[in-house]
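The values are calculated or read from the model by the stated rules, or taken from the named source; none is laboratory data. Please read these numbers as outputs of a predicted model, since none were measured by experiment. Cβ coordinates were reconstructed from backbone atoms using ideal geometry, including for glycine residues, and neighbour counts include every protein chain displayed. The area values use the complete protein model at the heavy-atom level, side chains included, leaving out ligands, DNA and RNA. Shrake-Rupley method; radii C 1.70, N 1.55, O 1.52, S 1.80 Å.
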Amino acid sequence: FQNEINEIPFFDIQLPYELALKIFQYLGKAELGRCAQVSRMWKVLAEDEVLWYRLCQQEGYLLDTNISDHSCWKLALRNCRAKERTLKTNWKNRIGAVSQLQYELGKILCDVHSCDGVVIAGYTSGEVRLWDTRTWDYTAPILEPMHGPGDAGPQPHVCFVRINNSLAVAAYEDGTVSVWSLMFGREPIHRYQHNQRIQALALGAEGATVATASGFEVKVESPNDRGFWQTMETFEIQKLVNFLNLVPDVTGSPVTVAAAEDIVYLLKAEDPGKILHSVYGQPVTCLDVSAHEAAFGVKTFGWLLNEPNQILLYNLETSQCLKKMGNSMGDFTCVNLQNSPPNMLVAGNKDRRVRVFDLRKSESLCSFYAHRLGVSAVQMDDWKIVSGGEEGLVCVWDQRMGTKLWEMHARHPVRHVWFNSHSLITANIPDDKTPRGASIEDNDLTAHRKHRGIIYAYEFSVDQLAVESVLPICRSSYDEVTGYNYNISLAVPYDNI
């Protein structure tokens, strides 16, 4: 009937359909539902595809689609909201599938990083591997190194690995940095060398910019307009770099934030030696950078009780300190600003607590007593927090309720945590890469499992593929809601009783 309706009766007046549609666009879902019960004419208007397409876009669903992609946008919005509720329930009740990203025997995990479900890992054998957890295809390819004229011996250990949507980068113990393209095979597209061991590695969230710190030098590499890699900038600083980050969403020359002991540098081409923060004797313990701000933890003098350890928030454009947050006697060991919701920040501390801060205030919104040996990795979204500890525990928290939903444990400290709406990736990386008294060989299964480290990939979506990925012997047959519903690769002897 929509094509036949030219005028909409609004009580005692007649309005054109287009004008009535403009009035209805200010209504929400509940108001449109009530208006659809007024009359037949209003029902046609309240269920117009343009209105429900806009509501779907406003709530953040199906952003990359056009209005012609779905025949009923009201049903599409309903399905998206139902899927989101199901995912949230699965997260809370630990319903889904879990897989270990395995590797051959005799090698120890050195570093792990992930981006949008793609995981990169470096090992003591010098090999770098990739997994795409979005397809549940865990035949991990090896990214081959670029062999130089004097590379006849064994490969050096991998120090750092990073990955984004287009590039994968690995830094080795001998100062070599290799860059691979995720679209052009397993051979590296660029390689460069430092004279000393690399202390920090940073890769831009988007684009192709790599920053490395070795000794008192910070080098930034990027391809030029013709696609040839070159050294964009080289910065000389006064102290050894502990943390290094590239500022995302920067037009023009890249901007780097480097924390070297008690000095934080803002490294730009037009101002190469700019100091963002410097207080003698107060070293920086963690660092994270967003598009316009930098957050880092500062360790103050232990005997001055009026100066507790804090997190400082700086504006990168004005170089001014915006906030001093936190009041803890322990050191802040990790901070996550870039992946947090707007105006929010989450940090982990050596005092075993996870704290959530509102950037518009100075005090913490909530604090969780999370781990036994200190917090090593954190990430949050609008309703949950995932934290990893030095004792190997991964905890999932409900932020609003302030309660722990569930936890998983492995042997080594949690050094990497990443999640999105439907998946979670954690990495337990051992601190000791060359354990004494253990000959980790291919036939020594016990020593290998004890010292290797492990990567877990969790999938909470209701897709049938995720359910089938769990081995049958690991699927729980207990389906009562009142008991437990932990069927993530979990089998206990009394399931069938």
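The residue list Leu305, Leu240 contains one member that is under 30 Å from Lys350 (Cα atoms), modelled with pLDDT under 90 and open to solvent by 60 Å² or more (accessible area, probe 1.4 Å), which is Leu305. Evaluated against (1) touching a residue at least 24 places away in the same chain (Cβ under 8 Å); (2) in contact with a Phe, Trp or Tyr (Cβ under 7 Å, 6 or more places away or on another chain); (3) open to solvent by less than 50 Å² (accessible area, probe 1.4 Å), Val220 falls short on exactly one condition, (2). Considering Ala30, Ala20, the condition of being at pLDDT below 90, at negative phi and of a type in the set (Gly, Ala, Ser) is satisfied by Ala20 alone. One residue alone among Ala46, Ala97 is assigned by the TED database to the domain that holds Trp397 and in contact with a helix residue (DSSP H, G or I) (Cβ under 9 Å, 6 or more places away or on another chain), and that residue is Ala97. Restricting attention to the range 243-261, the residues that are open to solvent by less than 50 Å² (accessible area, probe 1.4 Å) and assigned to a strand (DSSP E or B) total 8. If the condition is being under 15 Å from Arg452 (Cβ atoms) and either in a strand (DSSP E or B) or outside the structural domain of Ile429 (by the TED database) (or both), then the range 115-130 contributes Ala121, Gly122, Tyr123, Arg129. The set of residues in the range 60-73 being closer than 22 Å to Lys22 by Cα and open to solvent by 60 Å² or more (accessible area, probe 1.4 Å) consists of Leu63, Asn66, Ile67, Ser68, His70, Ser71. Of the residues Val264, Val220, the single one that is under 24 Å from Leu313 (Cβ atoms) and assigned to a strand (DSSP E or B) is Val264. Which one is surrounded by the most Cβ atoms within 10 Å (Cβ to Cβ), of the residues in the range 25-47 that are within 17 Å of Glu59 (Cβ to Cβ) and among the hydrophobic types (A, V, I, L, M, F, W, C)? Within the range 25-47, the match that is surrounded by the most Cβ atoms within 10 Å (Cβ to Cβ) is Leu32. Within the range 223-237, the set of residues being surrounded by 13 or more Cβ atoms within 10 Å (Cβ to Cβ) and not aromatic (Phe, Trp, Tyr) comprises Pro223, Met232, Glu233, Ile237. Of everything in the range 325-351 that is farther than 15 Å from Lys299 by Cβ and not in a strand (DSSP E or B), the residue that is most open to solvent (accessible area, probe 1.4 Å) is Pro342. Scanning the range 159-188 for residues that are of a type in the set (Phe, Trp, Tyr) and either open to solvent by less than 30 Å² (accessible area, probe 1.4 Å) or not assigned by the TED database to the domain that holds Pro248 (or both) returns Tyr172, Trp180.
Considering every residue within the range 279-300, establish whether at least one is in a strand (DSSP E or B), open to solvent by 50 Å² or more (accessible area, probe 1.4 Å), assigned by the TED database to the domain that holds Thr176 and on the phi < 0 side of the Ramachandran plot. Within the range 279-300 (the criterion being in a strand (DSSP E or B), open to solvent by 50 Å² or more (accessible area, probe 1.4 Å), assigned by the TED database to the domain that holds Thr176 and on the phi < 0 side of the Ramachandran plot), the answer is no, since none of the residues qualifies.
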